[in-house]
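**Q** The structure is given below, and queries will be raised subsequently.
The values are calculated or read from the model by the stated rules, or taken from the named source; none is laboratory data. These numbers were taken from a predicted model, which means no experiment stands behind them. Note: ideal-geometry Cβ built from the backbone for every residue, glycine included; neighbour counts use all protein chains shown. Protein only, heavy atoms only, side chains kept; ligands, DNA and RNA dropped before computing areas. Shrake-Rupley method; radii C 1.70, N 1.55, O 1.52, S 1.80 Å.
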Amino acid sequence: MRDDLLQAVVNTAIDGLIVIEADGRIALFNPACEKLFGYAAAEVLGRNIALLMPEPDHSAHDGYIRRYRETGEKRIIGIGREVLGRRKDGTVFPFELAVGAFGAPDAPMFVGVIHDLSKYRRSEERRQESEARIRLLVDSITDYAIFMMDAEGKVLTWNAGAQNLTGFTPEEAIGHTRDRFYIDSELNIDSPSQALSIAAQKGRYVNEEWRQRKDGSRFWASVVITALYDSAGDLTGFVNITRDMTERRQAEDLRDQLRQAQKMEALGQLTGGIAHDFNNLLAVIVGNLELLGDRVDDDESRRLIEQALRNASRGADLTRRLLAFGRRQQLKPSRMDVNEQIMGMLDMLRRTLGGSVAVEMNLSPAPQIVEADASELENAILNIALNARDAMRGSGRLTIATSAVYLKEPRVMPTRTAPAGDYVAIALRDTGIGMSPEILGRVFEPFFTTKEFGKGTGLGLSMVYGFIAQSGGYVEVDSMPGQGTEFRLFLPALESDAARQVPQDHAGRRLVLCVDDNADVRATMSALLGSLGFAVLPAATAADALAEMRRGLPIDLVLTDIHMPGGMDGVALADRILAKKPDMPILFMSGSSEEDRLRHTRYFGASQILAKPVRKAELAAAIKLLLGG
């Protein structure tokens, strides 16, 4: 009975069962083995097991058994491992082998259980081929960032599109979290973790938001994060798909700004027309009230007339504001240095805003000349400053900065598009509560206010917009809730101001325009030039240098650093200068090798580059080569 049972088990087993004797000869070969190896049992019984093995095991197997019998080393006894078998037709296939020993120690026998892995291997190969195709497909997508993360948000894979979009290589991204792709304001509220949490809870996170590249630039991204789970329902990771939507957002913003500009233009025409007609009515009312005042004698009648005149005056002030928004007010423009105008307001601003608001000045070292109504410019700055005080709840910091700005191409502003050209920019930045996009879109509308009833007319910023527009300028606003607000007023820079005097120490000396954004370097180079007998005009940026050029001074040489902030480097500055003064000598200096920067420009091989730190003798020799003498 027992022998029959064992025989039935051997014959019906799905896995192969094989028994070999101490000398390696096959003693049992079940039907499953016949199917696996293609041999009938009669063909293999009594033959060496090496028959069923490919090299190198075919030649080495007898050595394994001998070593086991001599030393007792159980190379594969009692454990399972993956090996290769050889069929009758010579083909090789993988199987998992478990071996056990039984019988007398001096004449052991071995039983092997063979589990075919061919189907598993084929399935695994197909899976790997499928993964390879998918990986190839994902890597070939260059306009989508597609990458996988583990359950903690660390990057596991990184396709070519992700590198193109962010600038990070796979080596820089894999193993790190997504935090480095977020802008600071998003990191402050822990947006990366929140996004993964939403994806884990709901299965997917979908949003459009700002992202940051390796070089610090921002792009508007469409982000989809999908959570991955195993068969037990446990979270295993995430798939992130990100696409750059900056161009679409810019197009949408442009359409919004065009609609806003058209709305503001229509409002301006409407309010300007109403204010004009209302002024005519007030002129008749005020004139007749004054004539009536000359004809009455009793105090009560005079009191009533004076009260009516005061309210008519308030009405006239209201129409003046509406005319300012409609760009119909009477302006008295004059040439002025914006820096001097703002510095003249400093004491008044500090008194008006109160001691809890710190007013900081960051004015350009070069004069910033515009033509505008001085009193209206002061009113515009004061209006913005008062709004900033209210946004800071009476306590914070207001920074006022000026700079020369060159727009290389037309720039879209909230209400109009500014053409390319030279401008003087006045920036006022506060540390207040900021504005939502909805409020930002209406900030210049007349009578629109977020203040409590009775605490604001809603005309202050409308007047700013109208005055700047009537002066040929433009207004730009940046604001985010909790991040403060910055207003930038752009006024056309004057092309020349030759009436300004040449520096007093210029008499009889050649004049050098020295341009470097580092104040210490600028001061040192100015001192070196002075010791060589030159008069010096210092400039901190390329825009400041162009402002100095517009003054019409007899500059003999431009010495400029190559790397400078503000969107215009030394090479671009040289191009701007030579466009108007083709014979102007240009001398470059730099703290690093700049041969590649000049290689494809007119200056390669024709201009010198002084390496910082610049020695006096090197400076003198370079200038002598350019100017002679």
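**Q** So what is the accessible area of the stretch 98-170 per residue, in Å², with the probe set to 1.4 Å?
**A** Per residue, the stretch 98-170 has an accessible area of 60 Å².
**Q** Find out how many positive minus negative residues lie around Glu208, taking Lys and Arg as positive, Asp and Glu as negative, among other residues whose Cβ is under 12 Å from that of Glu208.
**A** Combined, the nearby Lys, Arg, Asp and Glu give +1.
**Q** Express in Å², to the nearest 10, the accessible area of Thr177 obtained by rolling a 1.4 Å probe over the protein heavy atoms while all chains stay in place.
**A** Only protein atoms counted, so the area is about 50 Å².
**Q** Something else about it: Using label points projected 7 Å from each Cα along Cα→Cβ, tell me how many nm separate Arg509 and Val111, to one decimal.
**A** 10.7 nm
**Q** How would you rank 25-38, 532-545, highest first, on the average number of other Cβ atoms within 10 Å across their residues?
**A** Sorting 25-38, 532-545 by mean packing, highest first, produces 532-545, 25-38.
**Q** With 19 Å as the limit, write out which pairs from Lys154/Lys214; Lys332/Lys408; Lys214/Lys612; Lys35/Lys88 have Cα-Cα distances beyond it, or answer none.
**A** Lys332/Lys408; Lys214/Lys612
**Q** Could you order peptides 386-394, 303-311 by the average number of other Cβ atoms within 10 Å of their residues, highest first?
**A** 386-394, 303-311
**Q** For Asp297 and Arg397, calculate 0.36 nm times their separation in residues minus their Cα-Cα distance, and state this gained length in nm to one decimal.
**A** Result: 30.5 nm gained on full extension.
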